[in-house]
Structure formats: C-alpha cells, structure tokens
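In what follows, a single structure is set out as structure tokens and then discussed.
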Amino acid sequence: MAISFNKRENEKKKQQKKLEKQKRKEVRKESGKSSFDDMIAYVDENGMITSTPPDMQQKDEIEQDEILISVPKREEEEDAMIRKGRVEHFNASEGYGFIKDIANTYKYFFHISNAPRDIAEGRIVTFYPEKGNRGMNAVNIAYPEKENPS
C-alpha cells in the first residue's frame, strides 16, 4: 500500500507537535512550579484579586451573634392602612363584589361576609386591603362615620 506525500507530511507534523509538547512538559517539571500554583489567586479585604496570600495575623474576628441570616421584619406598611373606596359592582345573589379605591385605580374583591348587610353599588366605604389567593381583597368594610345610614 502506497502512502501519499500529504499523509507523510501530516504524520511528520503530528510527530513534531508531540515532541514540542514533551519538551514543554519537561521544562515545567525542571522549574519546580506546578501549573496550579500559577493559576491560584487571592482576594484581599477590599475585594481586589492578588497573587499574594493574605496575612493571617491581621485577620479580624467576627462575633457569631453579629451575623444576621434572616430578613428584617417589615414595619407597618401603607397597604395595612385603612382605605376609602366606592362599591363598583355587587352581586347580591352570589355574595361578592368589587370596590374601586378612590386614591388610585386599584380594584379590590370583597365577600359579603366582610361587608355590611345593606351594602350596595355606588356607596362609599372604608376597608382594609389584604392579600388573598388571587389578588388583593377588601376586609372589614364599613361606612364612613358621616355617611352611616340611620
């Protein structure tokens, strides 16, 4: 079987690359440094990457009790405050409705169990917003003091 000129040239190149790789490997062994030592990097106290290890004598001690691992408790939010709105829709047979906030365009769902018995569309009411399964709900619905029907 005859070997073509191109095949011989390719085999020579492969052999030459193997020899060069072997020489580089031997030079690395002789220098005494491993490639891992060249790749290692350290981060100093300012977040800068350096090639020198940090001085362990200057290490700051941190109290275990000072570490906070939780989310801080939320203070009273504006949403927990009483709101004023107008009953936009009320279905007496189903027992639910919607209140549109006067201060903005938000609509709140309410159930008849959280509303006065004589609630009707168009009435101005006060309520507390509460997060429900499908969105914001109105609870503790009442008539404002000056509009309370007698």
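Considering Ile119, Ile102, the condition of being of a type in the set (A, V, I, L, M, F, W, C) and under 14 Å from Ile141 (Cα atoms) is satisfied by Ile119 alone.
Mind counting the residues in segment 137-147 that are crowded, with 17+ Cβ neighbours inside 10 Å and either in contact with a Ser or Thr (Cβ under 9 Å, 6 or more places away or on another chain) or of a type in the set (Phe, Trp, Tyr) (or both)? Show your work before the answer.
Within segment 137-147, the subset crowded, with 17+ Cβ neighbours inside 10 Å is 137-138, 141.
From the residues that got through so far, the ones that are either in contact with a Ser or Thr (Cβ under 9 Å, 6 or more places away or on another chain) or of a type in the set (Phe, Trp, Tyr) (or both) too are 141.
Number satisfying all stated conditions: 1.
Picking from residues in segment 36-55 that are acidic (Asp, Glu) and under 30 Å from the mean Cα position of the chain (by Cα), the one that is least open to solvent (accessible area, probe 1.4 Å) is Asp44. Each residue in segment 81-93 was checked for being part of a strand (DSSP E or B) and touching a Phe, Trp or Tyr at 6+ places or on another chain (Cβ under 9 Å), and 7 pass.
The values are calculated or read from the model by the stated rules, or taken from the named source; none is laboratory data. Fair warning: this is a prediction, and the values are worked out from it, not measured in the lab. Here Cβ is always computed from backbone atoms with ideal geometry, including for glycine, and neighbour counts include all displayed protein chains. The accessibility values were calculated without ligands, DNA or RNA, using every heavy atom of the protein model including side chains. Shrake-Rupley method; radii C 1.70, N 1.55, O 1.52, S 1.80 Å.
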